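Worksheet: one structure, shown below.
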Amino acid sequence: MIDILLKKQVDKSQLLFFALSSSLGLAILLIVIQLFIDTRPVFSSENDLLGNQNLIIYKDLGRDNAFTTDEIEELKQQPFINKTGGFTHGTYRVLASVTLPNYTGISTEMFLEAVGDEFIDIKSDDWKWQPGDREVPIIIPKNYINLYNFGYAASTGMPQINEKIIRQIPIDLKLTGSSKTELYPAYILDASEKINSILVPESFLSYTNKTLSPLKESKISRIILDVINPSDPKLLQFLASKKYNYLSNDVQNSKLSYVLKLILSIVLGIGLLITFLSIYLVITNINLLILKNKQTITQLHFLGYSKAQIAKVYHTIAYKILAISIVVALVLSVISKIIISPYLALLHVEKTMTSIIYLVVISIVLFILLALYYRNHTNSKIQQMLRPNTSLLTTEN
Amino acid sequence: MQITIQNITPNFFTPASSEVWSKNFELLPNSKYLIKAVSGSGKSSFFNFLYGLNNRYSGSIIFEKTTIASFSENDWTSLRREKISIVFQGLRLFPELTALENIQLKNTLTNHKSETEILAMLAQLDVDQLAHKKAETLSYGQQQRVAIVRALCQPFKILLLDEPFSHIDQTQITNAVNLVSQEVEQNKATLIIASLGDTYNINYTKILLL
């Protein structure tokens, strides 16, 4: 009966407005949270676009530009440097030759270097070598492929290649050290966008250094740093004071990542603001609803209806609307995920369902929190209204 | 239920000297009282004090042995369901509900009367044909009769009627008085009627001038 009465008095358009503002606020919050979760990999060190948290440093050119053990130790102790890795190079001459069917073979002198696996942006099970293995995997810089395709191949009539075909090209390495010369078959495993060098597994380099030039010492002339923020002024100051050089490209990428993070934080801030405003709007709506029914509420109370019985009707309305708005918000955020995902794909973000699971959990938590908040608010408003001496009836005398 | 009044005066206006304000007296079970006064002397305030809507008075009102100032909100809610019923001067029907819905709104709290009994009471006051009409479409006299039936749809030990028959003709007043008396006797209750002057041919235990 009380339901019938209160339902007759509740304004449908007001409820619709209530639902709309609630849906809008929650949808914006969920979309922003989802965006935050989805773009996280862009900023992580796994991603080479913006997550390039590595910096390669080297000394000025000259005869003695290798890093000493003390210098490496000092680098390791800096608070803004997470990890350091030295580039070791082969202590022998390398002649690489490639024979393509129907073409004259080409051969070139080159060099080999190695660096810790954790600094390489290519993860592959084939990236390993041990004595007795048939072939040596090599990683070359990506711009070498471009140079070949658009420079060398175009001018000499050689076929163009991509990263898949390149694996199938047999390469013969002739390594000439101070004590002996050996031949190794090799292939190009992949091309790296991050490291500008010709890399072989560390195990191969140390093995060949030992066997081919046992008397020569391998020096570290370039160091790769894993840093928290490559554009950190403290880091740059430190490098300048030591007269270490670095590629400014890496620092610029980090600045880009910083700006993007800043923009995303601003978006999150605005989203939170809109959400708070919409919650405020919903609260105002509840107040209005209760105020409009002030007479009914007090009269029902004087008839013998308890506060809890009266409040229950308003709780039910608020819960229903809240549930509908959360579902609407969730649907909107999933739709927005579908719309945004092609753009994220451009940033090399893998599609995952993780953010949706997070969103569902967050929605449930939000529902519980907001429901409790609305419930307490409604109770306190009704309580206020039903205090003795505040009723409409006390005006009769 | 015995009501003991000890020296009460409203705090928000100064009443003229009377047999109610600043006096000590008792209202006994199975008795009928008339509070007779001109308008503005505080009849409704006195009823609001008794019904727990207003506590701006000095002195004490005691139900049985408990001062009503100590009642919690829940105490009042259960009193209003089981012990004390009222017809407000302003009736306080819900205009958008039908006469019967208005009555059922009260009745469902305790399921005191069946729908047949309610319709019979309405018939006794000659408003049964209006049971399914919205309260806002009824005349004030008809609404008064609906409000009286509503007040009877709960168990009570105290029945407060604030100028209940002001817009009802003599025949219907007689019917209403009969119905009310019958229910008061059944409930062994204290009846307190406020009126501007009419006594409605009821045999009062006491008439108090306010």
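Surface calculation, 1.4 Å probe, protein heavy atoms: A:I220 sits at approximately 40 Å² accessible.
Taken over the range B:3-209, the percentage of Cα pairs per 5 Å bin, counting from 0 up to the bin with the maximum distance, is 1, 7, 16, 20, 21, 16, 11, 6, 2, 0. Panel note: contact residues of the range A:1-28 (accessible area lowered by at least 50 Å² against the chain on its own; 1.4 Å probe) correspond to A:M1, A:L5, A:K8.
The distance between label points at A:S221 and A:L291 comes to 7.9 nm (points 7 Å beyond Cα on the Cα→Cβ vector). You can think of it this way: the chain between A:I4 and A:I338 has 116.0 nm of extra reach, that is 0.36 nm per residue less the Cα-Cα gap. Near the amide H of B:K206, under 5 Å away, which other amide H atoms are found, from residues 5 or more places off or on another chain, if H is placed in the peptide plane? Under 5 Å from the amide H of B:K206: B:K32, B:L34. For the range A:54-227, how big is the tail of P(r) above 22 Å, as a whole percent of Cα pairs? It works out to 49 percent of all Cα pairs.
Throw me the Rg/Rh for the range B:124-210, computed over C-alpha atoms with Kirkwood Rh, two decimals.
Ratio of gyration radius to Kirkwood radius for the range B:124-210: 0.96.
Expressed per residue, the C-alpha convex hull volume of the protein assembly as shown stands at 252 Å³.
In sequence order, the range A:288-301 has phi-based couplings of 4, 4, 5, 4, 4, 9, 3, 4, 4, 4, 5, 5, 4, 4 Hz under the Karplus curve 6.51 cos²θ - 1.76 cosθ + 1.60, θ = phi - 60°, and Gly or Pro positions carry x.
Rounded to the nearest 10 degrees, the inclination of helix A:202-212 to the longest alpha-carbon principal axis of chain A is 10 degrees.
Solvent-accessible area assigned to carbon and sulfur over the protein assembly as shown amounts to 57 percent, based on a 1.4 Å probe. Mind pulling the angle between the C-alpha long axis of helix A:12-43 and the longest principal axis of chain A? Nearest 10 degrees, somewhere in 0 to 90. So the inclination is approximately 20 degrees.
Using C-alpha pairs below 8 Å separated by at least 6 residues, the relative contact order for chain A is 29 percent. A probe of 1.4 angstrom, applied to the heavy atoms of all protein chains, finds A:R375 with accessible area near 100 square angstrom. Take the Cα of A:F150, step 7 Å toward its Cβ, do the same at B:Q186, and the gap between the two points is 10.0 nm.
Longest exposed-loop-site-free stretch of chain A, with chymotrypsin sites (Phe, Trp or Tyr not before Pro), DSSP loop and at most 12 other Cβ within 10 Å?
Values: sites that count: A:Y103, A:F111.
Excluding the exposed sites themselves, the longest stretch runs over A:112-397.
Principal-axis analysis of the Cα atoms of chain A puts helix A:354-385 at an angle of about 20° to the longest axis. Put simply, the convex hull of the Cα atoms in the range B:1-68 casts, on average, a shadow of 4.4 nm². Candidate cross-link partners of B:K113 among the lysines, defined by an alpha-carbon separation under 18 Å and a same-chain spacing of 8 or more, comprise B:K83, B:K157, B:K188.
What share of the DSSP beta bridges in the range B:3-209 is antiparallel, in percent to the nearest 5? Rounded to the nearest five, the antiparallel share is 40 percent. Close amide-amide hydrogen proximity is noted between A:S192 and A:I140, A:K142, each under 5 Å apart and 5 or more residues distant or on a separate chain (H modeled in the peptide plane; Pro and chain starts excluded). For the range A:54-227, give the share of DSSP beta bridges that are antiparallel, in percent and rounded to the nearest 5; count only bridges with both residues there. About 80 percent, rounded to the nearest 5.
How big is the antiparallel share of DSSP beta bridges in chain A, given as a percent to the nearest 5? Could the numbers behind the result be given before it?
Details: 34 of 41 bridges.
Among the beta bridges of chain A, antiparallel pairing accounts for roughly 85 percent.
With every protein chain kept in place and ligands, DNA and RNA left out, what is the accessible area per residue of the range A:54-227? Probe 1.4 Å, answer in Å². Walk me through the numbers on the way to the answer.
Values: 9560 Å² over 174 residues.
Solvent-accessible surface per residue comes out at 55 Å².
Each of B:N203 and B:K23 was given a label point 7 Å from its Cα along the Cα-to-Cβ line. The distance between the two points is 2.3 nm.
The values are calculated or read from the model by the stated rules, or taken from the named source; none is laboratory data. No experiment lies behind these values; they were computed from the predicted model shown. With ideal geometry, Cβ positions are generated from the backbone for all residues, glycine too; neighbour counts draw on all protein chains shown. Heads up: the accessible areas ignore ligands, DNA and RNA and are worked out on the full protein's heavy atoms, side chains in. Shrake-Rupley method; radii C 1.70, N 1.55, O 1.52, S 1.80 Å.
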